[in-house]
Each structure stands twice: as C-alpha cells, then as structure tokens.
Amino acid sequence: MDFEFLIKKIMLNLNRRNFQAHPFHLVSPSPWPLYTSLSLLTLTTSGVLTFHGFAYAEYNLFMSLTALILSMSFWFRDIIAEGTYLGNHSLAVQRGLNLGVGLFIVSEALFFLAIFWTFFHSALSPAVELGAMWPPMGIEAIDPFELPLLNTVLLLSSGFTVTYAHHFLINGKRAKGLYGLLYTIILALIFTFLQGVEYSVSSFTISDGAFGSCFYFGTGFHGIHVMIGTAFLAVALWRLLAYHLTNNHHLGLEAGILYWHFVDVVWLFLFISIYYWGS
C-alpha cells in the first residue's frame, strides 16, 4: 500500500471518528469482494470443464486460481491495514467479527455432519451391491494404528502448541508465542505430508464404491481445511513477527486458533468413525 495514501486514509479516519456517534466500522468501497466472487465463478466453471476434458481448460483453471489468490490477498491486506494502522477494529467490531467466525465454523461443522451422515447411512446398512458388508468385499481398509494414529498424535500436539502460543502472547511473552506458532505450522506440514503418503500407498481409490467416496471425501476435505488453517496460522506468525499483534489485540490469531481447534475436533471424529470403527 502506498505510504502517502495510507497517511491520507489515517487522517480521513481520524476526522470521521470525530463525528462518528457509534463504535462500528463503516467499510470503505472496495473492489476486492467483486473480484474474489468473479474469480470463484471462473474457478468452478473452469474446474468442471477440466474434469470433462475440454481443451485448454486447465489453463483457465490456473489463471482463475491465481486471480483468486491475488484478489483475496489484496482484500486481506486492506483488512489488516484497517485493523492495525487505522484503528477501525473497535471492541464492538471485534465482537462482530468473532461472531462471524463462529457462525462460519458452525456452517463448516454442518458440512462435515453431512459427510458423516453419508458414511453411516452406507456403513450401518450396507446395500446388496456392497456385498451387505462394510468395508465392501475386496477393499482392504487402512490400519488405524499406523499412519492415522501418528497423524492423530501430530494434530493433537499442534492443538497444544497453538494454545501454548496464545497463552504466552496474552501474558506478554512474544518470543514463546512465536515459537509455539512455528511448532504448530511444522506439525501441520508434517501431517499434510503423511496424509499424502497414506493416499499414495492406499489399496483403494475414490472410485471404489461408497467406501472409497466417503473415505476420500471426508479425509480429503479435512486435509483442505488443514492446509487453509496452516496458511491462516502462517499469516498470524508473519503478523506477530511484524509487531501487528499485541497481547490485547490479536483478532486474526484468535480466529485462526478457533479454526484450528475445529480442525482437531473433526479429525478425532474422522479417526474414530472412518478409520477405527469403519475398518
């Protein structure tokens, strides 16, 4: 962001606050929501075309993904400037943002509820086409006490380290907070790598009936959430390094921690139901 433009925006914000009779943030006009929605539209369209083998569709997929990442990055940049430099994130605004993150996580929980519903619908009463047994005949399920158990330990450990980081940041121990976030990101990257190894050595694929579809749909979408949460915490780590976050104002980190604990809880349900009980 241009420095002179930022100074002008700060002055405009201070003048506006002198006449503002409420604690809420009146958002300035921004092109990034429109650009992000258009990028998502082209991403999904080009993704479907790529799946059906249309010529050059993969190039459109790559360009739309790049456009999505750039538009979201610029949008988040402006939000960081509003909260860190312009002082727009008052206590009332922070409560609203926390509520929004909470409702978003509830919607994600309902999404995973649909996945578990599909799994138990097939597992509790296997159809004749599945051999009336679960796992279906011919499918060798993954041993839950090998890589899945190791991944469970890694993910639960990352939940501890991120809580450790938050605790020490609140108590003014910035260095320990940095180390806690760094350990969390390293554990998350190891988890993602081992999940990829598990997929590569698995004896079944997503096309192997209801079992393969439920397994890869549930664990794959959880893996996507792990990658998003890792990016979430990596941005928080960078902001903590840049002194954007303080012991009493770290809204982005709190949202990332809440999201990460949600990822932990979903994995526990996945491990118990799909890996252990379902095998």
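The values are calculated or read from the model by the stated rules, or taken from the named source; none is laboratory data. Quick caveat: nothing in here was measured; it's all calculated off a predicted structure. When we count neighbours, we look across all protein chains shown, and the Cβ atoms used for this are built from the backbone with ideal geometry, even at glycine.
What to note about this one:
- Residues that are assigned to a helix (DSSP H, G or I) and touching a residue at least 60 places away in the same chain (Cβ under 8 Å) were ranked within the stretch 130-148; the one that is surrounded by the most Cβ atoms within 10 Å (Cβ to Cβ) is Pro148.
- The residue of the stretch 229-249 that is surrounded by the most Cβ atoms within 10 Å (Cβ to Cβ), among those that are without any contact (Cβ under 8 Å) to a residue 12 or more places away in the chain and of a type in the set (A, V, I, L, M), is Ala231.
- Among the residues making up the stretch 71-102, those that are in contact with a Ser or Thr (Cβ under 8 Å, 6 or more places away or on another chain) and not hydroxyl-bearing (Ser, Thr, Tyr) are Met72, Trp75, Asp78.
- Residue in the stretch 87-103 that is of a type in the set (A, V, I, L, M), under 30 Å from His250 (Cα atoms) and free of Cβ contacts under 8 Å to residues at least 60 places away in the same chain present: yes
- In a residue-by-residue description of the stretch 233-245, the property of being modelled with pLDDT of 90 or more and hydroxyl-bearing (Ser, Thr, Tyr) applies to no position.
- Across the stretch 43-87, the qualifying residues are those that are in contact with a Lys or Arg (Cβ under 9 Å, 6 or more places away or on another chain) and not in a helix (DSSP H, G or I), and the one among them that is surrounded by the most Cβ atoms within 10 Å (Cβ to Cβ) is Leu86.
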